[in-house]
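In what follows, a structure is listed as C-alpha cells, so that the remarks can point back to it.
The values are calculated or read from the model by the stated rules, or taken from the named source; none is laboratory data. No experiment lies behind these values; they were computed from the predicted model shown. Reconstructed Cβ throughout: ideal geometry from the backbone, glycine too, with neighbour counts over all protein chains shown.
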Amino acid sequence: MALGSQPGWNVRPAGGVQADIDVGLRDYMLRVYNYMASGLALTGIVAYVAAAGGANSFIAHIYHTPLMWLVMLSPLGFVLALSYGINRMQFSTTQMVFWAFAAVMGLSISTIFLVYTGASIARVFFITAGTFAGMSLYGYTTRRDLTAIGSFLFMGLIGIIIASLVNIFLQSPAIYFAVSVLGVLIFVGLTAYDTQRIKATYYAYQYADGQVAGKIAIMGALSLYLDFINLFMFLLQLFGVRRD
C-alpha cells in the first residue's frame with residue numbers, strides 16, 4: 001500500500017478519548033466492509049452475466065483465445081495502479097478504479113460457472129463467507145500481535161504462486177491438491193492479519209482529511225476483498241462439483 005509507513009500494532013489513543021475513538025473505529029470498519037461487500041456483489045453480477053448462456057456465453061467464446069489472457073491478467077493491473085498510484089489519485093478516481101477492478105475480476109473468474117455446478121458454487125460461497133467472517137472477527141478482537149504470522153503467510157503465498165506456475169507444466173494432481181489446501185490455510189490467516197492491520201491503520205490515520213481517509217478505507221477493502229476471493233477460489237477447487 002502506497003500510503004506511507006505501516007503503523008505500529010500497539011498504537012492506541014489516550015484513555016480519555018477511547019470511547020469516541022471506538023465509535024470512529026466502528027464507523028471506519030463498517031465503511032471498509034461496505035466497500036468490500038459492494039465490490040464482491042459487483043464481481044458476482046458481472047461473472048454471472050458473462051457466463052450466462054453456458055457454451056454460448058461471452059466468456060465461452062473467448063475462453064480459448066489470446067483475449068482470455070488479457071481478461072485474466074487485467075485485475076492485476078488495477079491492483080498495481082491502486083497500490084502504487086493511490087497517492088496521486090483523487091478519492092473519486094480511487095473509487096472508480098476500485099469498481100472497475102471489481103468488474104474486471106468478475107470477468108476473470110466467470111469461467112467458474114462453466115466448470116462448476118451452480119449449487120456447489122453457492123455452497124462454497126457460504127462456506128467462504130462464514131470462514132471469512134469468523135477470522136475477520138478474530139483479527140478485529142484479538143490482542144495478539146499478528147505481524148510475525150503475516151510475514152510467514154506472505155512467504156507461504158509466494159511459495160504457492162511459484163508452485164502453481166510450475167504445475168501449469170507438470171499438471172500434477174498432487175501438487176494441485178496441496179496448493180489448494182495451503183491456499184485455504186494461508187488466506188484464512190491473512191484474513192485475520194489484514195483485519196488487524198486495517199484496524200491499526202485507522203489509529204494512525206484517524207485525524208486524516210476526508211480524501212485520505214476515504215482512500216485508506218478503499219485500500220483496506222481491497223485487501224479484504226482479495227482475501228475473500230482467493231479463499232473462495234481455493235475452497236472451490238477443493239469442494240466444487242464439476243459439470244459433466
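Data for the structure
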{"read-out": "Breaking point among (1) assigned to a helix (DSSP H, G or I); (2) of a type outside the set (S, T, N, Q); (3) free of Cβ contacts under 8 Å to residues at least 12 places away in the same chain, for Val97", "value": "(3)"}
{"read-out": "Residues within the range 53-83 that are farther than 13 Å from Ser108 by Cα and modelled with pLDDT under 90, tallied", "value": "10"}
{"read-out": "The range 190-229, subset under 30 Å from Ala122 (Cβ atoms) and β-branched (Val, Ile, Thr), residue surrounded by the most Cβ atoms within 10 Å (Cβ to Cβ)", "value": "Thr195"}
{"read-out": "Among residues of the range 102-141, those that are surrounded by 13 or more Cβ atoms within 10 Å (Cβ to Cβ), hydroxyl-bearing (Ser, Thr, Tyr) and either over 21 Å from Ala41 (Cβ atoms) or more than 19 Å from the chain's Cα centre (by Cα) (or both), counted", "value": "5"}
{"read-out": "Residues of the range 167-210 that turn out to be more than 23 Å from Phe239 (Cα to Cα) and not small (Gly, Ala, Ser), as a count", "value": "15"}
{"read-out": "The one condition in (1) at pLDDT below 90; (2) touching a Gly at 6+ places or on another chain (Cβ under 8 Å) that Asp209 fails to fulfil", "value": "(2)"}
{"read-out": "Answer residue from the range 79-94, given it is without any contact (Cβ under 8 Å) to a residue 40 or more places away in the chain and of a type in the set (A, V, I, L, M) and is surrounded by the fewest Cβ atoms within 10 Å (Cβ to Cβ) among those", "value": "Leu80"}
